[in-house]
Amino acid sequence: MELHEMNSDAAERESRFLKRIAEGQTIEPKDWMPERYRKQLLRMMSQHAHSEVVGMLPEGNWLTRAPSLMRKSVLLAKIQDEAGHGLYIYSGAETLGTSREEMIDQLLTGKAKYSSIFNYPSLNWADMGAIGWLVDGAAIVNQTMLAKCSYGPYARAMVRICKEENFHNKQGYQIMAHLMRGTKEQQEMAQDAFNRWWWPSIMMLGPSDKNSPNSAELMSWKVKLQSNDELRQRFIDRTVPQAEAIGLTVPDEKLKWNPQTRHYEFGEINWDEFNQVISGNGPCNRLRMKQRRDAHENGRWVREAALAHAAKRAKSEAA
Ligand code: FAQ
């Protein structure tokens, strides 16, 4: 084939791909896609899957100290859901040609990122409320958008995940509301957890649009349908009235409702802190990575036993 024919073939494939995206069709694993689209999705999806798995750690910290059996079983169910979310997203990401083992290796060797939010410590029981309400709340805002993204396996995984995150969000808010109806000490504990998780939850939605190098490309392919700042505003607008309804004070002196724009205006985000956390220097980065590496090592015998069992079964079925 001549070079100009190859070039025109490639241009035609690319224009078919862009047309499908413009028409709102999904791209499926066996469809042709630009290499850059595949790489960007793999980056996002693997980071997302890692976040679900690392995200189990701050809550896992409180499982043995939950204040009642009921609270403990709800928290356990929530943490198990997060493991399931990790699995759906790893499976979705594998359709882009990288195995789960490789992705996990990238996490454990520090080559892949996971969400900044999980590098903060969970210091008291109210943190379980704050995480469910705020962290899952911010995740829902982001994931409701991703449920309509252009890559089919990612979008479909998000539909189910969002349903489960809604339960997580409500259980977190219910813990906070319950504490706010309690003693003065319980109210102070809830306010303290809110103060510590508010700003990191806002940062979790990513850098401001002017410092978000990936957004324009991802939006042109409808992987992202809204920008980081749009999602952040949406999260703030829906969360502030919830805080006020249960008597919590938002830790932002500049927070103000603007009746013209019908949005809350808010104070300066500490982007230095965000940049420190995503470059490995947050309060718990080293601890989280150690916990993940230890968990991976401690689970090695289970993986080996499962593989040996599968090989034995395959051999006996073949005989
Ligand atoms: N943390 O150009 P952008 C959950 C990085 S799931 C760490 O704006 P992009 C459920 C970014 O990777 C939470 N790094 O990037 C749960 C890039 O660096 P790179 C996770 C961050 O991709 C709840 C650089 O900064 N959700 O919580 C963060 O357009 C409770 C420049 O940024 C997802 O992953 C960050 N927060 O937008 C589980 C959703 N933000 O990779 C357990 C899918 C930015 O070029 C308990 N991901 N960076 O080296 C996304 O929607 C996007 O990837 C963003 C970032 C919005 C995270």
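Would you point out which residue out of Glu317, Glu304 is loosely packed, with under 14 Cβ neighbours inside 10 Å and either at pLDDT 95 or above or assigned to a loop (DSSP other than H, G, I, E, B) (or both)? Every option except Glu304 fails the conditions.
Please determine whether any residue of the range 116-126 is more than 8 Å from the ligand (Cβ to nearest atom), assigned to a helix (DSSP H, G or I) and not polar (S, T, N, Q). Checked against the condition, which is being more than 8 Å from the ligand (Cβ to nearest atom), assigned to a helix (DSSP H, G or I) and not polar (S, T, N, Q), the range 116-126 yields at least one hit. Could you go through the range 2-22 and let me know if any residue there is assigned to a helix (DSSP H, G or I), of a type in the set (Lys, Arg) and touching a helix residue (DSSP H, G or I) at 6+ places or on another chain (Cβ under 9 Å). No, that holds for no residue.
Of the residues Glu23, Glu2, the single one that is modelled with pLDDT of 95 or more and more than 16 Å from the ligand (Cβ to nearest atom) is Glu23.
The rows are residues; the columns are (1) of a type outside the set (A, V, I, L, M); (2) more than 15 Å from the ligand (Cβ to nearest atom).
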residue	(1), (2)
Val240	no, yes
Lys254	yes, yes
Gln260	yes, yes
Glu265	yes, yes
Asn275	yes, no
Arg286	yes, yes
Asp294	yes, yes
Ala310	no, yes
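Just for the range 133-167: of the residues that are surrounded by fewer than 23 Cβ atoms within 10 Å (Cβ to Cβ), part of a helix (DSSP H, G or I) and of a type in the set (D, E, K, R), which one is nearest to the ligand (Cβ to nearest atom)? Applying the filter and picking the extreme gives Glu164.
Can you confirm whether the range 27-48 contains a residue that is outside any helix (DSSP H, G or I) and within 16 Å of the ligand (Cβ to nearest atom)? Checked the range 27-48: no residue is outside any helix (DSSP H, G or I) and within 16 Å of the ligand (Cβ to nearest atom). Here the condition is being crowded, with 17+ Cβ neighbours inside 10 Å, among the small types (Gly, Ala, Ser) and under 22 Å from the mean Cα position of the chain (by Cα); of Ser215, Ser208, it holds for Ser215 alone.
The values are calculated or read from the model by the stated rules, or taken from the named source; none is laboratory data. It should be emphasised that the depicted structure is a prediction, and the values quoted were computed from it without experimental measurement. In this analysis, Cβ positions are derived from the backbone assuming ideal geometry, glycine residues included, and neighbour counts consider all displayed protein chains.
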